[in-house]
Amino acid sequence: MRDPREPGGPPEIAVTGIGLVTPAGIGAAASWEGVCRGRSAAARDPRLADLPVDIACAVPGFSPAEHVGRRSALMHDRHVQLAIPAAREAVADAALDPATWDGARVGVVIGNGSGGYSSATRQHERLLAEGPRAVSALVIPLIVPNMVAGHLAMEFGATGPNLVTATACASGATAIGTAMRLLQRGDCDVVLTGGTEAPVTPLLVAGFAQMGALSRRVADPAAASRPFDAARDGFVIGEGSAVLVLERAADARARGARTRARLAGYGASADAHHMTAPDPEGTQVSRTVRAALAEAGAEPADVAHVNAHGTSTPLNDAVEARVVRGLFGGDAAVTSAKGVVGHTLGAAGAIEAVLTVLAIERGTVPPTANHDRPDPDLGIDVVAGAPRRRAIEVAVSHSFGFGGQNAVLVFTGA
């Protein structure tokens with residue numbers, strides 16, 4: 001691995017703060033502990049009553065009034081509610097004070113795949129039952145996806161570039177890569193970035209079920225999400241949020257900030273193959289991983305850990321395993337957090353990015369829940385049963401979305 005800090009090259013990017021709100025727990029520490037326990041958060045969900053698939057991974061004990069504020073129920077869709085405490089945690093973790101920063105130099109880039117579906121559902125029910133005058137005057141800002149970045153800007157006085165990325169299940173990783181580019185170009189000094197999603201709604205879940213994408217293990221929810229397992233049959237829908245604070249490493253050092261890890265490489269591509277299915281050859285994914293590693297000054301042999309997209313669907317896991325096997329052989333320790341937290345769609349890449357940072361920092365790869373019977377056709381080293389201690393200098397996090405959109409992040413030790 002070469003040192004990417006060459007004169008005239010792009011600046012190093014530091015991760016100085018992290019925040020998580022996931023089905024494994026509220027807060028980064030609780031989420032990490034929950035993922036390392038390796039027990040699925042999936043359960044029957046009353047929001048999905050009467051659907052053929054009524055299981056989901058929900059954030060436990062989340063209270064908008066407690067975790068966001070008393071007026072949140074009037075102003076925010078659930079995907080925004082989940083993002084705000086994650087962002088607050090990340091900013092505090094970075095030891096930054098929004099009261100003293102130059103807001104014009106602070107950007108917000110958040111990934112989101114579906115916007116305010118829960119609010120749209122409620123307001124549509126009101127329209128049908130009570131007529132147009134019953135619809136909230138805030139219905140548009142409740143449902144449009146850009147508002148999560150807008151609300152975070154208002155929360156923190158961040159008046160720099162402000163946007164939401166929508167690349168389906170790659171949205172969170174795309175946001176982080178976009179934030180990296182803003183810092184490298186000098187457009188911002190600090191970027192709050194990550195992803196959020198609240199997709200546990202009847203319409204979305206019914207749609208995924210109709211596609212055959214969801215696990216049908218409704219009688220045993222805790223065993224339903226099983227990435228890379230021979231008996232995998234689909235994913236479990238989840239909700240959650242993750243936010244990272246990114247800065248140029250030189251700026252972080254100048255203010256005496258702790259660097260938790262470096263975001264060293266980013267790659268993006270499109271399969272240009274199918275609306276929902278990945279290219280079975282994984283050609284563009286492999287190219288994207290190589291591009292991200294090249295930016296990081298790393299080779300495939302340097303990668304100790306892969307935080308996989310790992311959806312628990314038969315096709316995705318097979319294609320991803322093919323890519324991992326082709327690039328890294330059996331040398332990289334692979335895990336998928338979706339066994340615990342389910343598939344959080346636009347938030348997934350951001351949640352997994354934070355978990356990758358923690359894996360590097362703690363020298364530990366969390367286990368993949370429900371990986372009981374390895375698929376002999378996959379040929380990769382999936383961590384299962386218990387966390388694995390391992391020194392990690394270079395780690396890769398994969399994210400793939402419908403439409404064939406791919407995003408790959410490379411993190412290295414601080």
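Bear in mind that the values in this text are calculations on the coordinates, not laboratory data. In this text the structure is predicted, and so the values were computed from the model without any measurement. Glycine also receives a Cβ, built like all others from the backbone with ideal geometry; neighbour counts cover every protein chain displayed.
With neighbours defined as other Cβ atoms within 10 Å of a residue's Cβ, the residues LEU20, LEU358 order from fewest to most as LEU358, LEU20. Scaling against 2.2 N^0.38 Å puts the C-alpha radius of gyration of the chain at 0.92. Structural size metrics of the stretch 101-224, computed from C-alpha coordinates, are Rg and Dmax of 17.9, 53 Å. Applying a DSSP loop filter and a limit of 15 other Cβ atoms within 10 Å to the trypsin sites (Lys or Arg not before Pro) in the stretch 209-310 leaves ARG216, ARG255, ARG258.
Whole-Hz Karplus values for the stretch 81-89 come out as 4, 6, 6, 4, x, 5, 5, 4, 5 Hz, taken residue by residue from phi with 6.51 cos²θ - 1.76 cosθ + 1.60 and θ = phi - 60°; glycine and proline positions read x.
Amide H to amide H distances under 5 Å link ASN162 with VAL108, where only residues 5 or more positions off or on other chains count and H is placed in the peptide plane.
When +1 charges are put on Lys and Arg Cβ atoms and -1 charges on Asp and Glu Cβ atoms, the dipole computed for the stretch 264-412 relative to its Cα centre reaches about 280 debye. At q = 0.23 Å⁻¹ the log10 of I(q)/I(0) for the stretch 332-404 amounts to -1.16, computed by Debye summation with a single uniform scatterer per C-alpha, solvent ignored. The C-alpha radius of gyration of the stretch 13-254, expressed as a fraction of 2.2 N^0.38 Å, stands at 1.05. Given in Å, the Rg to one decimal and the Dmax to the nearest whole number for the Cα atoms of the stretch 1-89 are 18.4, 61. Under 5 Å from the amide H of VAL59 lie the amide H atoms of GLU239, each residue being 5 or more positions distant or on a separate chain, with H modelled from the backbone and absent for Pro and chain starts. The value of relative contact order for the chain, using C-alpha pairs under 8 Å at least six residues apart, is 24 percent. With r as the distance between the Cβ atoms of ASP377 and LEU51 and R0 = 35 Å, compute the FRET efficiency 1/(1 + (r/R0)^6) and round to 0.05. Working from the Cβ atoms, E equals 0.65. For the stretch 343-360, the Karplus equation 6.51 cos²θ - 1.76 cosθ + 1.60, evaluated at θ = phi - 60°, returns couplings of 9, 8, 6, x, 8, 4, x, 6, 4, 5, 5, 4, 5, 5, 4, 5, 4, 5 Hz by residue, with Gly and Pro reported as x. Close amide-amide hydrogen proximity is noted between PHE235 and LEU214, SER215, each under 5 Å apart and 5 or more residues distant or on a separate chain (H modeled in the peptide plane; Pro and chain starts excluded).
Across every direction, the projection of the convex hull enclosing the Cα atoms of the stretch 279-329 has a mean area of 3.4 nm².
Once you order the gyration tensor axes a ≥ b ≥ c over the Cα atoms, which shape class does the stretch 258-414 get: rounded for a/c under 1.5, otherwise prolate or oblate by comparing a/b with b/c? In terms of gyration-tensor shape, rounded. Let me know the whole percent of all Cα-Cα pairs from the stretch 235-345 that are separated by more than 22 Å. Value for the stretch 235-345: 45 percent of Cα pairs lie more than 22 Å apart.
With θ taken as phi - 60° and the Karplus curve 6.51 cos²θ - 1.76 cosθ + 1.60 applied, the whole-hertz 3J(HN,Hα) list for the stretch 41-58 is 8, 5, 7, 4, 10, x, 5, 10, 3, 6, 8, x, 10, 10, 10, 7, 10, 9 Hz, x standing for glycine and proline. Within the stretch 255-273, whose backbone N sits under 13 Å from a point 7 Å along Cα→Cβ of ALA301? Those under the cut-off are none; the list is empty. Short-range pairs are left out: with C-alpha atoms under 8 Å and at least six residues apart, the relative contact order of the stretch 13-254 is 31 percent. Would the stretch 36-155 count as rounded, prolate or oblate if I go by the C-alpha gyration tensor, calling it rounded below 1.5 in a/c and otherwise prolate when a/b exceeds b/c, oblate otherwise? Here the stretch 36-155 falls in the oblate category.
Across the stretch 259-320, the mean sequence separation of Cα contacts (distance under 8 Å, 6 or more residues apart), normalised by length, yields a relative contact order of 36 percent. A Förster radius of 22 Å, combined with the Cβ-Cβ distance separating ASP331 from ALA230, puts the computed FRET efficiency at roughly 0.50.
Extending 7 Å from Cα along the Cβ direction at MET75 and again at LEU138 yields two label points whose distance is 0.7 nm.
In this simple spin-label approximation, GLU125 and MET211 carry label points 7 Å from Cα along the Cα→Cβ vector, and these lie 2.4 nm apart.
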